[in-house]
1. Give me a count of the residues in the stretch 1-20 that are touching a Ser or Thr at 6+ places or on another chain (Cβ under 9 Å), modelled with pLDDT of 90 or more and open to solvent by 40 Å² or more (accessible area, probe 1.4 Å).
2. Can you tell me which residue in the stretch 102-124 is nearest to residue 37 (Cα to Cα), limited to those that are touching a Ser or Thr at 6+ places or on another chain (Cβ under 9 Å) and surrounded by fewer than 13 Cβ atoms within 10 Å (Cβ to Cβ)?
3. Taking the condition among the charged types (D, E, K, R), touching a Pro at 6+ places or on another chain (Cβ under 6 Å), over 17 Å from residue 171 (Cβ atoms) and open to solvent by 40 Å² or more (accessible area, probe 1.4 Å), does residue 23 pass?
4. Answer yes or no: is there a residue in the stretch 125-134 that is assigned to a helix (DSSP H, G or I) and surrounded by 16 or more Cβ atoms within 10 Å (Cβ to Cβ).
5. Mind listing whichever residues of the stretch 30-71 are closer than 29 Å to residue 111 by Cβ and hydrophobic (A, V, I, L, M, F, W, C)?
6. So is residue 178 open to solvent by less than 60 Å² (accessible area, probe 1.4 Å), within 20 Å of residue 94 (Cα to Cα), small (Gly, Ala, Ser) and modelled with pLDDT of 90 or more or not?
7. Filter the stretch 64-79 for residues that are more than 15 Å from residue 96 (Cβ to Cβ) and in a helix (DSSP H, G or I); which is modelled with the lowest pLDDT?
8. Can you say whether residue 183 is open to solvent by less than 60 Å² (accessible area, probe 1.4 Å), at pLDDT below 95 and over 20 Å from the mean Cα position of the chain (by Cα), as far as the supplied structure shows?
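The values are calculated or read from the model by the stated rules, or taken from the named source; none is laboratory data. Bear in mind that the values here come from a model prediction, so they are computed numbers and not experimental data. With ideal geometry, Cβ positions are generated from the backbone for all residues, glycine too; neighbour counts draw on all protein chains shown. Heads up: the accessible areas ignore ligands, DNA and RNA and are worked out on the full protein's heavy atoms, side chains in. Shrake-Rupley method; radii C 1.70, N 1.55, O 1.52, S 1.80 Å.
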Amino acid sequence: PVTIIKRNVLSSLHADLALCVEKSNTSDPFRKHAKYIWEYPDYLDWGKAYDDVQAELNSTTNWRSILTVGKMDGCLFGGIRPQFRAAAKGSGAVLFYYRWRAYENIKKLGLDKQYDWFVITRSDFMYDVPHPPLELLDCTSIWSPDGEKYGGITDRHTICPSRYILDYLEVLRLMLTSPDVFINICNTYGMTEPIVTGK
């Protein structure tokens, strides 16, 4: 996958690679192609990661109320150990965390002023053909492929003009500082389910 991504994405787009990754994974073959490497610790329970970010944001709201969003066994918050819901599959919580850390680094380094576009993707996304040239895309829109929506927009690949990148990446702030607002937005689009507790 590394050589394919290098050929069909990095070289095709004349792009720089930034990695927002687990600190201990030093054998990651993508590292030798990266201009930026932002490393963070791994968590057994990504709820602790959210607690850490919430403390950095000086918020004390009950962010765990957002766990009512999505299907009970869905992957939106996969990675957070369950409290009052079924164990979630997947790694949605992990993606929100790393995208928040990418937001911090892009903002700190002013990369939103240095680049015209950002391609947010995952290392397990397959690139069998060269990436479409970005000059073909409308720079007033955020682009996402059609498919595997799971009730929303796919997280596998996003092409984002620099003018929107910080807003796109900082959704975790809303979750951790204004969970009621986040839940209301999800309610508007029919993404919540009632939580049933009992013996």
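1. Taking the stretch 1-20 and keeping what is touching a Ser or Thr at 6+ places or on another chain (Cβ under 9 Å), we get 1-2, 5, 9, 19.
With modelled with pLDDT of 90 or more added as a condition, the list becomes 9, 19.
Filter once more, keeping what is open to solvent by 40 Å² or more (accessible area, probe 1.4 Å): none.
Residues meeting the conditions: 0.
2. Across the stretch 102-124, the extreme among qualifying residues is 114.
3. For residue 23, the condition - among the charged types (D, E, K, R), touching a Pro at 6+ places or on another chain (Cβ under 6 Å), over 17 Å from residue 171 (Cβ atoms) and open to solvent by 40 Å² or more (accessible area, probe 1.4 Å) - is met.
4. Residues of the stretch 125-134 that are assigned to a helix (DSSP H, G or I), as a first pass: 134.
From what is left, the residues that are surrounded by 16 or more Cβ atoms within 10 Å (Cβ to Cβ) are 134.
Checking the stretch 125-134: at least one residue is assigned to a helix (DSSP H, G or I) and surrounded by 16 or more Cβ atoms within 10 Å (Cβ to Cβ).
5. 30, 34, 37, 38, 46, 49, 53, 55, 57, 63, 66 - these are the residues of the stretch 30-71 that are closer than 29 Å to residue 111 by Cβ and hydrophobic (A, V, I, L, M, F, W, C).
6. Yes: the conditions hold for residue 178.
7. Applying the filter and picking the extreme gives 68.
8. In short, no.
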